Amino acid sequence: MTNSANPALSQWSIDREIVMSRVIDAPRDLVFEAWSDPKHLPQWFGPKGFKIETFEIDVRVGGVWRFNMIGPDGTVYPNRMRFRRIERPSLMEMDHGVDQDDDPGMFRFTLTFAEQSNGKTVLMMRQLASSTEQRDGMIGFGAVEYGYQTLDKLAAYVGGMKKESPALFRGPRRGAPE
């Protein structure tokens, strides 16, 4: 799925992007699973104190995740993500906006998952707005702070996944001497 209702999202431009990164102490496959498995994604997604209420979730190319983010004060933020590309375990790309057709505020959301030799994952999260004004507005309302809070929640959640299945993470790392 490469088409977008907004042609501005078809051309990447650094003056319209927000970039965040985080090193997560977990294997890339596990971090990717937390992002791509419908049973995990709603459990940790969103800023600190926010809860997720899912209406529909289909994590595949062309699939949609419709959900409300409910703020600590009870404010409801309707959301929709359409999954554009999934290249397991290294990349996911989505269009993200409010839960309405032809959302003028929709932005492109790209995640890359890189594996370090020590078994940790470098997660890069890139958001592409339609205009510099939209990007500035996103930064103004706290997109960077909220994005890092979301990555903190992901890291904590994945840490719990590791504890639940420690046998999956024992032994030499790929490429490490035995």
Residues that are open to solvent by less than 10 Å² (accessible area, probe 1.4 Å) and touching a residue at least 40 places away in the same chain (Cβ under 8 Å), drawn from region 84-94: 92
Verdict on residue 19 being closer than 22 Å to residue 154 by Cβ, in contact with a strand residue (DSSP E or B) (Cβ under 6 Å, 6 or more places away or on another chain) and open to solvent by less than 50 Å² (accessible area, probe 1.4 Å): no
Given (1) modelled with pLDDT under 95; (2) crowded, with 17+ Cβ neighbours inside 10 Å, number of the condition residue 108 does not satisfy: (1)
Any hit, region 113-135, residues being of a type in the set (S, T, N, Q), within 20 Å of residue 10 (Cβ to Cβ), part of a strand (DSSP E or B) and open to solvent by 10 Å² or more (accessible area, probe 1.4 Å): yes
Residues (open to solvent by less than 30 Å² (accessible area, probe 1.4 Å) and not in a strand (DSSP E or B)) located in region 95-105: 103
Residue within region 80-95 that is over 13 Å from the mean Cα position of the chain (by Cα), at pLDDT 95 or above and among the β-branched types (Val, Ile, Thr) present: no
Search result, residues across region 31-75 that are open to solvent by 30 Å² or more (accessible area, probe 1.4 Å), in a loop (DSSP other than H, G, I, E, B) and out of contact with any helix residue (DSSP H, G or I) (no Cβ under 8 Å at 6 or more places or on another chain): 37, 38, 39, 49, 50, 58, 60, 61, 72, 73, 74, 75
Count - residues of region 27-73 that are of a type outside the set (Asp, Glu) and touching a His at 6+ places or on another chain (Cβ under 7 Å): 1
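Pull up region 92-146, narrow it to residues that are aromatic (Phe, Trp, Tyr) and touching a strand residue (DSSP E or B) at 6+ places or on another chain (Cβ under 9 Å), then point me to the one that is farthest from residue 52 (Cα to Cα).
113
The values are calculated or read from the model by the stated rules, or taken from the named source; none is laboratory data. Source: prediction; values computed, not measured. Note that each Cβ is placed from the backbone with ideal geometry, even for glycine, and that neighbours are counted across all protein chains shown. What goes into the accessible areas is simple: the full protein's heavy atoms, side chains included, and nothing from ligands, DNA or RNA. Shrake-Rupley method; radii C 1.70, N 1.55, O 1.52, S 1.80 Å.
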